Each structure stands twice: as C-alpha cells, then as structure tokens.
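Enquirer: Below is the structure I would like to discuss, written out as structure tokens.
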Amino acid sequence: MPGEQNVWRLSMATFHAFRDDRPKEEKWELIDGRPTMMAPPSRMHQRISGNLEAMFNNRLALVRPEWRADREIGLLIPGDEKYNPEPDVVVADAAIAMGEIYAERFYAVVEVLSPNDKDWALNLKLEYYRSHEPCVAILFVEQSRIACQLWRRIDGAWSKVDMTHSSDRIELPEIGDIGALGDAYRHTPLWVGQS
C-alpha cells in the first residue's frame, strides 16, 4: 500500500485507551493496527442492519438456537493485537457472560456499506473475518441500491456470490435460507414490497 510507512499503528491497549478518551458519539475500530473512525450511521443504514438482525434471528431460532445475531458488537479474537472491528451484525454464541464486551468467536458478519468506507479497510476486514475458522459467512450489503456481496465457506473453501435482485435468497452454510435480499431493505425507499 503506498505511503504505508506513514501509517499510525497502535497496540490493542493503546487503541482502547485512545478510544475510551474520545467523545462517546465517535465510534472507532482497529484495523491492522490502525485506528479508523466509523462514519455516523444513516437511518437507512440502521434500518437495513435491523432488518438483517431480525432475519438472522428468525432463522437461528429454528435451526441454531445456540447462536444469536446482535448489532454493533465488537470482535476481539484472543491473541490478536491488530484488529478490533465492530461489524453491523454479528452471529455469535447466544450465551454471554456478565460484563462481556466483545465476541471472541463468531460465525457470520454483516457490514452495511457506507459511501465513505475505505476500500483498504474493507479488504483487510474481509481477510480478518475469513481467517477466523468458525466464520462461515460474510455479507457486504449496499445501502444505496439492492446489492450484496456474500462470501461463504463451504467444505473449507471460500466462494463469493454477487446478489443484485430483490428475489435473490440469502443462503448461508450451517444456517440456511434467512430470506430474500429485498427483505433486508424492508421499510426503506428501496423496498419493493411496501404498499
């Protein structure tokens, strides 16, 4: 990456101290040791995230009640000092401990893309998610049009599916069909099912 020698890199402890000292309305992620501020989410972004969280949980209640989808929780894999992302939706273990802040094990993640997302950060996050052995699905969902890039790990190999139609089904390993892509846009200007 050009100019990489000038990139500001932090340890996890330094990042947490930095982040905790910032105004609460700022949201930060650590991506490859780089503190990265997240854009404030639009209402469209929040609605899509909420719809996907509900779609996942409806399906998980039937096929994997030991898993649950939650919004805006950070990921922190033990031993990793370079990443502390906060995807929009995370499928992780339903059982949690009192005071638990981060998910250390996750099975699927959703990033609802914002216009100012940086390609380098998305590419690094994708590789981080794919490197986590329990993770079987990654969704990058557009908010300006009906579109999703879906990565699935099947028999140990990753494959990518580009979805651009409302009727495309979001079919995930170990979870199954969570619904039509168009349902992720329910109650937004892009939703074709509204009356």
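The values are calculated or read from the model by the stated rules, or taken from the named source; none is laboratory data. Only a predicted model underlies this, so the values are computations on that prediction, with no experimental measurement involved. Neighbour counts are summed over all protein chains in view; Cβ atoms, including those assigned to glycine, are modelled from backbone coordinates with ideal geometry.
Enquirer: Of the conditions (1) over 13 Å from the mean Cα position of the chain (by Cα); (2) closer than 22 Å to residue 30 by Cβ; (3) not hydroxyl-bearing (Ser, Thr, Tyr), residue 135 clears all except one; give me its number.
Expert: (1)
Enquirer: Could I ask something else about it? Among (1) free of Cβ contacts under 8 Å to residues at least 60 places away in the same chain; (2) farther than 27 Å from residue 33 by Cβ; (3) crowded, with 17+ Cβ neighbours inside 10 Å, where does residue 184 come up short?
Expert: So residue 184 meets the others, but not (1).
Enquirer: A follow-up question, please. Does residue 153 qualify as being surrounded by 17 or more Cβ atoms within 10 Å (Cβ to Cβ), more than 20 Å from residue 28 (Cα to Cα) and either among the basic types (Lys, Arg) or out of contact with any strand residue (DSSP E or B) (no Cβ under 9 Å at 6 or more places or on another chain) (or both)? Write out each step before concluding.
Expert: Numbers: surrounded by 17 or more Cβ atoms within 10 Å (Cβ to Cβ): yes; more than 20 Å from residue 28 (Cα to Cα): yes; either among the basic types (Lys, Arg) or out of contact with any strand residue (DSSP E or B) (no Cβ under 9 Å at 6 or more places or on another chain) (or both): yes.
Yes: the conditions hold for residue 153.
Enquirer: So which residues in segment 94-117 are in contact (Cβ under 8 Å) with a residue 12 or more places away in the chain, out of contact with any Pro (no Cβ under 8 Å at 6 or more places or on another chain) and more than 19 Å from residue 49 (Cα to Cα)?
Expert: 95, 101 - these are the residues of segment 94-117 that are in contact (Cβ under 8 Å) with a residue 12 or more places away in the chain, out of contact with any Pro (no Cβ under 8 Å at 6 or more places or on another chain) and more than 19 Å from residue 49 (Cα to Cα).
Enquirer: Oh, and also: For segment 23-47, what are the residues that are of a type outside the set (D, E, K, R), touching a residue at least 60 places away in the same chain (Cβ under 8 Å) and more than 30 Å from residue 182 (Cβ to Cβ)?
Expert: 31, 36
Enquirer: Of all residues being of a type in the set (Ser, Thr, Tyr) and modelled with pLDDT of 90 or more in segment 77-113, which is nearest to residue 26 (Cα to Cα)? Just the residue, please. Let's see the steps before the verdict.
Expert: Within segment 77-113, the first condition is being of a type in the set (Ser, Thr, Tyr), and the residues that meet it are 83, 102, 107.
Next, only the ones that are modelled with pLDDT of 90 or more stay: 102, 107.
Working: 102: 18, 107: 27 Å.
Here the answer is 102.
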